[in-house]
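Single-structure report; data block below.
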Amino acid sequence: TAALGDAAGAFGAVTAGPLANLLGTWGAAVLFVGLGVVAVLIATRTSIRSAAAVAADSTRPARSFARRHLGRLFVVGEPDADGYDDEGDRDDLEPVVHVAAEDDGVGDVDVLDAPAAEPDDAVPAAEVLVPEPPVDLHVPDEPTDGEQLAISLGPAGQRSPWKLPATKLLDKAESAEVDRLAVEEQGRRLEAALAEHGVETRLVGMVVGPTVTRFELELGAGVKVAKVTSLNKDIAYAMASPDVRILAPIPGRQAIGIEVPNAERQVVALGDILTSAEAKRAKHPLEVGIGRDIMGRSVLVNLAKMPHILIAGATGAGKSSCINSLITSVLMRSTPDQVRLILIDPKRVELGQYNQLPHLLTQVVTNPKKAANALNWAVKEMERRYDLLSEVGFRDIDGYNAAYDRGDFEPDPEGPPPDLALERLPYILVVVDELNDLMMVAARDVEESICRLAQMARAVGIHLVIATQRPSVNVITGVIKANVPARLAFAVSSIADSRVILDQAGAERLVGRGDMLLLDQTSSVPHRLQGAWVSEEEVRSIVAHWRRQAPQVEYDDSVEGTDDTELGGGGSGGGGGGGDDEDDLLVAAMELVVRSQLGSTSMLQRKLRVGFARAGRLMDLLEQRGVVGPSEGSKARAVLMTVEEFEGMSGESAPVGVG
């Protein structure tokens with residue numbers, strides 16, 4: 001009885017002795033414990049995999065804490081040039097997690113490697129991986145409150161009385177913590193989802209950007225790229241995301257990228273962009289900050305090299321914020337001696353805050369007819385500058401300005417013509433905030449002016465920024481697209497709109513609020529960026545800085561002209577004509593209308609080969625002279641003059657002067 005009690009019953013007495021003799025006391029104890037665990041799993045109907053997952057989740061915080069704090073005590077040496085220890089085993093690694101760090105102005109941006117996985121939570125498909133080498137991103141020290149951006153102004157700029165705004169006028173965004181464990185879990189979920197559809201992949205890296213996280217995958221042998229791209233909706237479902245964008249392949253790499261929107265997005269402030277290392281290396285006055293890429297690098301583009309850019313996207317996608325960032329970048333980096341602006345805002349509310357700036361050639365243009373005049377003025381200024389460069393023997397504005405700053409030009413004793421007087425030529429940036437409104441009023445004149453400028457204006461320093469929220473073929477015409485090579489697409493509602501902007505799909509999968517695709521001449525693959533944000537308070541403070549330096553701003557009245565200014569020419573597409581040409585056209589228009597008894601503006605366009613705006617003005621003049629009646633909407637105007645009356649006026653040789 002005592003023996004049975006010591007052995008915990010008859011079963012223990014029968015089994016304990018032989019097992020203890022065979023395995024030893026400790027071996028028998030381990031066996032009994034294992035049998036007990038199995039019995040509990042069977043009784044609770046729990047699988048071994050589920051139990052292991054629960055154990056891994058419950059111990060993960062403790063293991064992460066130990067690796068983070070105790071791992072520093074066992075660092076033997078510095079990593080080699082590839083980013084790993086010489087003695088380390090590079091084949092036994094987890095996928096690399098690149099965290100796009102904020103440019104806070106202090107230190108370098110770190111590219112964080114994920115910690116090595118424990119055996120209980122390792123993913124078999126990612127056991128033997130070679131990660132990408134880390135990208136070195138250098139971030140400057142945080143500038144002092146009174147520091148200005150260091151832009152080379154040249155000899156003339158150094159004598160300039162203008163003072164650039166201080167960087168303290170721009171706010172910076174707060175850095176956000178990245179949940180690396182959640183990112184790793186998403187990567188494992190993505191691999192599992194692809195495996196369920198028969199696609200063998202291997203996760204080789206994860207890049208956390210401000211807007212999206214890109215999971216980089218290598219395909220198994222014999223797996224077609226098209227098989228992955230066809231699973232777009234299934235991947236979005238598995239990742240619990242409204243949509244995903246597949247980059248197949250990643251340019252320059254033997255891998256595909258799957259971009260999944262972040263649950264919490266990071267704000268990219270323009271102040272962070274303009275105080276970054278990239279901004280300090282940029283010296284051209286037209287290099288402007290537009291945002292950050294997925295690796296967290298600040299992106300600045302040189303508008304002089306583009307040399308023109310088309311911005312399009314749906315309402316609320318971030319187009320107006322992008323334009324404000326472009327203009328604010330110019331105001332932060334350039335003086336009125338370097339860059340002059342023509343701002344066209346048919347919506348009347350977007351660009352009005354920039355009025356009274358010394359950079360402006362004319363006040364912000366809100367009248368669509370005057371906007372067409374301003375574009376026509378830019379064409380004439382382009383031709384004048386070409387005449388000047390031809391006279392002095394230079395190919396472009398940069399060489400001319402450099403020679404002017406050096407004092408290489410000798411004064412002509414006879415004096416140059418007034419329109420060819422030697423002077424330093426600033427860059428001219430023409431910003432059109434809504435092309436659709438202009439195309440509705442004067443489509444032919446606007447299109448001709450834009451195409452002339454896009455084809456020829458680069459060498460003389462005139463550049464276009466054209467924006468629209470209606471990316472349709474009757475607004476962004478084929479002629480405009482052919483002459484404006486750089487495109488910036490924000491979120492759109494359909495793949496057809498994306499093809500109008502980029503000539504390819506992609507913009508329909510953007511998530512809005514500044515998420516954009518940049519397509520320039522350097523690559524046929526769009527670059528995904530998060531646009532920079534600048535608040536109205538920041539813009540007002542920067543504008544006030546410039547207004548204090550120039551309380552009285554003098555505009556060039558010839559830029560926007562008046563409502564009566566001639567917009568277009570006949571078939572040449574050039575500038576306006578004189579009074580004699582106007583009289584001749586009016587006589588011809590009067591004869592066409594009277595003899596055909598049809599008061600149609602489109603008929604005048606076809607017969608006289610003039611633009612819509614000019615034909616409309618001729619029709620208004622005919623109404624003033626009593627030839628036609630008032631407008632009746634889409635109907636042709638009533639003709640009030642007979643052929644006999646017209647011939648009688650012609651015989652008196654006074655067809656125009658009669659009121």
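Overview of values
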{"item": "Residues of the range 187-213 that turn out to be buried (at least 22 other Cβ atoms within 10 Å of the Cβ), out of contact with any His (no Cβ under 8 Å at 6 or more places or on another chain) and more than 12 Å from Val228 (Cα to Cα), as a count", "result": "7"}
{"item": "Criterion: touching a Lys or Arg at 6+ places or on another chain (Cβ under 8 Å), surrounded by 20 or more Cβ atoms within 10 Å (Cβ to Cβ) and at pLDDT 90 or above - qualifying residue of Leu488, Leu502, Leu464, Leu453", "result": "Leu502"}
{"item": "Those residues of the range 610-632 which are of a type outside the set (Ser, Thr, Tyr), part of a loop (DSSP other than H, G, I, E, B) and within 19 Å of Lys369 (Cα to Cα), in sequence order", "result": "Val610, Gly611"}
{"item": "Candidate set: the range 146-186, residues that are within 30 Å of Lys227 (Cα to Cα) and not aliphatic (A, V, I, L, M); chosen: the one modelled with the lowest pLDDT", "result": "Arg180"}
{"item": "Scan of the range 499-517 for residues that are among the aliphatic types (A, V, I, L, M), in a helix (DSSP H, G or I) and under 20 Å from Ile294 (Cα atoms), ordered by number", "result": "Leu502, Ala507"}
{"item": "Entirely in the range 191-306, the strands (runs of 3 or more DSSP E) that have 1 or more residues that are hydrophobic (A, V, I, L, M, F, W, C) and in the same structural domain as Leu181 (by TED's automatic domain parsing)", "result": "201-208, 212-219, 245-247, 256-261"}
{"item": "All positions within the range 505-546 that are surrounded by fewer than 16 Cβ atoms within 10 Å (Cβ to Cβ) and farther than 20 Å from Ser298 by Cα", "result": "Ala505, Ser524, Glu536, Glu537, Arg540, Ser541, Ala544"}
{"item": "The one condition in (1) part of a helix (DSSP H, G or I); (2) at pLDDT below 80 that Gly577 fails to fulfil", "result": "(1)"}
{"item": "Filter result (part of a loop (DSSP other than H, G, I, E, B), polar (S, T, N, Q) and at pLDDT below 80) within the range 633-654", "result": "Ser634, Ser653"}
{"item": "Residue within the range 265-284 that is at positive phi and surrounded by fewer than 22 Cβ atoms within 10 Å (Cβ to Cβ) present", "result": "no"}
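Rundown of residues vs (1) surrounded by fewer than 24 Cβ atoms within 10 Å (Cβ to Cβ); (2) in contact with a Gly (Cβ under 8 Å, 6 or more places away or on another chain); (3) more than 18 Å from Ala550 (Cα to Cα), yes/no style:
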| position | (1), (2), (3) |
| --- | --- |
| Ser321 | yes, yes, yes |
| Val349 | yes, no, yes |
| Gln353 | yes, no, no |
| Pro358 | yes, no, no |
| Lys380 | yes, yes, yes |
| Glu383 | yes, no, yes |
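Residue-wise test of (1) at pLDDT below 90; (2) part of a loop (DSSP other than H, G, I, E, B); (3) within 26 Å of Thr328 (Cα to Cα).
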{"site": "Val473", "(1), (2), (3)": "yes, yes, no"}
{"site": "Val479", "(1), (2), (3)": "yes, no, no"}
{"site": "Ala544", "(1), (2), (3)": "no, no, yes"}
{"site": "Arg547", "(1), (2), (3)": "no, no, yes"}
{"site": "Ser558", "(1), (2), (3)": "yes, yes, yes"}
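The values are calculated or read from the model by the stated rules, or taken from the named source; none is laboratory data. It should be emphasised that the depicted structure is a prediction, and the values quoted were computed from it without experimental measurement. So basically every Cβ, Gly included, is an ideal-geometry build from the backbone, and we count neighbours across all protein chains shown.
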